[in-house]
Number of protein chains: 2
Amino acid sequence: MKKRNAFYAQSGGVTAVINASAAGVIETARRHKDKIGKVLAGRNGIIGALTEDLIDTSRESASMVAALKHTPSGAFGSCRYKLKSLEESRAQYERLIEVFRAHDIGYFFYNGGNDSADTCLKVSQIADKLGYPLQAIHVPKTVDNDLVLTDNCPGFGSVAKYVATSMREAAFDVASMAKTSTKVFVMEVMGRHAGWITAAVGLADDKETPIPLVLLFPEIAFDEVKFLAAVRGKVDTFGYCCIGVSEGLRDAAGNLMAEAGTRDAFGHAQLGGIGPYIAQRIHEKLGYKYHWAVADYLQRAARHIASKTDLEQSYAVGKAAVQFALAGHNAIMPAIIRTSDTPYRWRIEAAPLKKIANKEKMLPRSYIARDGFGITDKARVYLSPLIRGEAPPPFKNGVPQYVRLKNAAVPRKLNTYQV
Amino acid sequence: MKKRNAFYAQSGGVTAVINASAAGVIETARRHKDKIGKVLAGRNGIIGALTEDLIDTSRESASMVAALKHTPSGAFGSCRYKLKSLEESRAQYERLIEVFRAHDIGYFFYNGGNDSADTCLKVSQIADKLGYPLQAIHVPKTVDNDLVLTDNCPGFGSVAKYVATSMREAAFDVASMAKTSTKVFVMEVMGRHAGWITAAVGLADDKETPIPLVLLFPEIAFDEVKFLAAVRGKVDTFGYCCIGVSEGLRDAAGNLMAEAGTRDAFGHAQLGGIGPYIAQRIHEKLGYKYHWAVADYLQRAARHIASKTDLEQSYAVGKAAVQFALAGHNAIMPAIIRTSDTPYRWRIEAAPLKKIANKEKMLPRSYIARDGFGITDKARVYLSPLIRGEAPPPFKNGVPQYVRLKNAAVPRKLNTYQV
């Protein structure tokens, strides 16, 4: 087996632990120097491959690569750039192969969600058509947790831990204030299509410390009358109410509330998100004093409260990607297979990209309480192991000691290329 | 010295570590059972004293009291309820003394900020006038860090650590995305009058990992032209920009932007806060793609990322309050005195409430960079020790194991009283 270089790139929204996957790829490749030369990373994702803007990861010390495991964000830069179909964007796919050929890339590791699984599959297909030997492996990553064939997605567990912890903390706060002040707290969370992150807010409470939660899932059309009744019921019973709302909440007609709903109501674009809107409606209709939070990037960047399970799985999929490539696999994704709920056990298996690309795994209705405002025990059994374990980063002067790599450029060999 | 009971209450907005002060009071009182009988807590702060709704903390086990050190929020409930002047509210002050007399309260420990320092002083004065022997000690607490005579305020260090860590994490995220997506991230933070929390956002970066930050302090009138130029400058140089904005940002006329400014612009009440407004203005004027976050209660409830320094000081002021009371002090507050910056050293001293009540410590101009958009080295020297050290709570099933006390009521002895 001839020694060839590997290409690695990060795609789409980054996470608290995507760099652990990068570390998994790079450290595993370094242990197979007989088969893999250098790992070259795309600067700003696939754009780096198209423009031949490659980073030489061999210039990074072992300790800096190890530090990626505790550094959130995309260490090489990511991008929101989707290659279209092979028919529409054939020139781009061919350019990719041209760059790979120039740098003797034999392994393509693409770290992303649904879109990048599709891109990875297409890269594999074009290489095959052009007779260029390439093994394309997709490394799963998405806070949305919506990839199929894998039990869960690296990046999700840490966001889930963040939102559960944050809501738990805020709920304790609101409970203290409810007598004379804030009675309702609204937290808006990510997840535009699937309600996985919203469901994770439901892990804020437990049997010893129940919390009056009302969750608004993107899967359940918003019914204001029913919702307000639920909130009033919680306040009447507990004195306060905590609401987790998905940024992707939709009205009965299927329109995104954050866009259409609030625009209709006032005839102008909504500056705030759906979180402040929901809080305002509660105040108008029920008169409760409210507070609201929109964590936005804080939730997906929060490496300081990352899930240890998530961290381990993120590293494992990176490591397995290299091992699968060396074992001759192509057009696959290392998937996480759950083998036991209690105790929680999992292993990695190769799953074919053909069955993954362009598919979305939605939150099952059986995970949502009958009234549509909470999670079921079934959801808890699924979600709970994913947020377990702590893996705090080292701190220096009170803040996490995250690192920036040198990210030294590989000399260009081809003509410039515009994307 | 006759053995008498103590009263303890939490006032105003709660923090991640105010319960550590409660633990300091209760544990120290328990070590002096010859002098202090029970510690009775006010349910929902001073309202509990007025309505004779008292909690018997002697019913809580030692381990539950110890667990307060890692539980955010106000364990006995807090309230936003300010007693007016002695002239206006004399009947209320007299009612307090009546309740204290009924339960043989000899020690009044009031845990709060500016308003409660004032209340504590007045309670001391009315007790004196009525010839009721009482030692009133104010236990400092405020995330706003604006009490005078103390170097810093318990509760602030943990919020400061939260906002510095959160902005650092978000900045790493934005840096990854800036090439093709988000270039500007705005985080709104608490602190309506003084910019201490805004200044703490400036601790997000350090020499090894500089971050292009622009801070908007409540002390500096918002100048949109200058601000937009600063943001553009950062994006031109670094590719992205992170903005920390105080909820208390004011325009040149001194009006709160979150209220007046945004209402003027659109002629309607602003649902979102100043954070989304600032983000929107950047988008309109400079065209950058943006994200924004409003952490709200998450920042002050975030016990999971509390500062160890803050935790230790919060406990220390509770402990010192009891010790000062036993030493015969009255109408004082345990203040934190910094004796050295490097290494950071501090001790507790009794400070007279007369010099504290109704005073606010603003962020000095020398802590704000000349251009008004950053912090100085002097600010770093002051702020940095306050966020140092980690003190994570125990976790169970992936979330912090915060506790709820029994909060058993003390039988009432007096007639009911309406507040």
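Data for the structure
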item	result
Given charges at beta-carbon only (K, R positive; D, E negative), |dipole| of the protein assembly as shown in Debye	1720
For chain A, built as a Gaussian network whose Cα springs stay under 10 Å, the top-fluctuating residue of A:298, A:249, A:40	A:298
Mean separation of Cα contacts under 8 Å, 6 or more apart, over the residue count of chain A: relative contact order %	23
Of all DSSP beta bridges in chain A, antiparallel share, percent nearest 5	35
Extension gain, residue A:415 back to residue A:228 (0.36 nm per residue minus Cα-Cα distance, nm)	61.2 nm
Estimated inter-spin distance, residue A:286 and residue A:252, nm [label 7 Å along Cα→Cβ]	2.1
GNM top mover of B:240, B:81, B:107 - chain B, alpha-carbon springs below 10 Å	B:81
For residues of A:69-82, the mean tally of beta carbons on other chains within 10 Å	4
Distance from the range B:1-80 to the range A:389-405 (C-alpha centre basis), Å	35
Unsatisfied cross-links (Cα-Cα over 20 Å) in the set A:129/A:359; A:161/B:183; A:129/A:354; A:319/B:183	A:129/A:359; A:161/B:183; A:319/B:183
Shape of the range A:1-143, Cα gyration tensor, a/c cut at 1.5	oblate
Antiparallel bridges, percent of DSSP beta bridges restricted to the protein assembly as shown (to nearest 5)	35
Lys/Arg +1, Asp/Glu -1 at C-beta; the range A:156-301 dipole; positive extreme among A:212, A:255, A:294	A:212
Two-site FRET efficiency, residue B:88 against residue B:380, from Cβ-Cβ distance with R₀ of 45 Å, rounded to 0.05	0.55
Using alpha-carbon coordinates, inclination of helix B:156-177 to the longest axis of chain B, degrees	20
Under-5 Å amide H pairs with residue B:390, H placed in peptide plane, nonlocal only	B:308
Label 7 Å beyond Cα on the Cβ vector: residue B:289 copy-to-copy distances, nm	4.0
Dipole moment magnitude, nearest 20 debye, chain A about Cα centre, only Lys, Arg, Asp, Glu C-beta charged	1200
Calculated P(r) tail over 13 Å for the range A:55-124, as whole % of Cα pairs	74
Mean separation of Cα contacts under 8 Å, 6 or more apart, over the residue count of the range B:19-171: relative contact order %	17
Using θ = phi - 60° and Karplus 6.51 cos²θ - 1.76 cosθ + 1.60, couplings along the range B:203-216 (whole Hz; Gly, Pro as x)	7, 4, 10, 8, 5, 6, 10, x, 10, x, 9, 10, 10, 10
Within a Gaussian network of chain A (alpha carbon springs, distance under 10 Å), most fluctuating of A:255, A:145, A:19	A:255
Helical contribution to [θ] at 222 nm, DSSP H n ≥ 4, -39,500 (n - 2.57), averaged over chain A, rounded to 500	-10500 deg cm²/dmol
Taking the range A:110-221 and dividing mean pair separation by its residue count, relative contact order in percent (alpha carbons under 8 Å, at least six apart)	20
Per-copy distances of the residue A:366 label point, shortest first, in nm (7 angstrom along Cα→Cβ)	6.8
Nearest-0.05 FRET efficiency for residue B:345 and residue A:32, computed from C-beta distance (R0 56 Å)	0.60
Position residue B:343, label points 7 Å along Cα→Cβ, spacing to each other copy in nm (shortest first, one decimal)	4.0
Area projected by the alpha carbon convex hull of the range A:214-262, averaged over all directions, nm²	3.3
Rounded if a/c under 1.5, otherwise prolate or oblate - the protein assembly as shown, Cα gyration tensor axes	prolate
Computed Rg/Rh of the range B:76-235, alpha carbon atoms with Kirkwood Rh	1.18
The range A:95-134 and the range A:198-250: distance between their alpha carbon centers, rounded to Å	44
Rounded if a/c under 1.5, otherwise prolate or oblate - the range B:343-400, Cα gyration tensor axes	oblate
Reciprocal of mean inverse Cα separation for chain A (Kirkwood radius, Å)	22.4
Estimated D of the range A:104-155 in µm² per second, where Rh is the Kirkwood radius over Cα pairs and Stokes-Einstein applies at 37 °C, 0.692 mPa s	283
Helix A:224-238 vs. chain A, principal-axis angle (Cα, 0 to 90°, nearest 10)	70
Residue A:139 long-range amide H proximity, modeled H, under 5 Å	A:110, A:111, A:112
Distance (nanometres) between label positions extended 7 Å along Cα→Cβ at residue B:125 and residue A:193	6.5
Under Karplus coefficients 6.51, -1.76 and 1.60, residue-wise ³J(HN,Hα) of the range B:2-12 in Hz, glycine/proline x	6, 6, 10, 7, 10, 10, 10, 9, 9, 10, x
Long-range HN-HN contacts of residue B:246 with modeled amide H, under 5 Å	B:189, B:216
Under the Karplus curve 6.51 cos²θ - 1.76 cosθ + 1.60, θ = phi - 60°, whole-Hz ³J(HN,Hα) for the range A:333-339, x wherever Gly or Pro sits	9, x, 9, 8, 10, 7, 9
Relative counts (whole %) of C-alpha pair distances in the range B:156-301, using bins that are 10 Å wide	12, 45, 35, 7, 0
Translational diffusion of the range B:370-419, µm² s⁻¹ [Kirkwood Rh, Cα pairs; Stokes-Einstein; 4 °C; 1.567 mPa s]	75
Cβ charges +1 (Lys, Arg) and -1 (Asp, Glu), total dipole of the range A:156-301, debye	220
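Throughout, read-outs are computed from the coordinates displayed, never taken from laboratory work. Keep in mind that what you see is a predicted model, and the values were worked out from it rather than measured. Quick reminder, even Gly has a Cβ in these numbers, built from the backbone with ideal geometry, and neighbours come from all protein chains shown.
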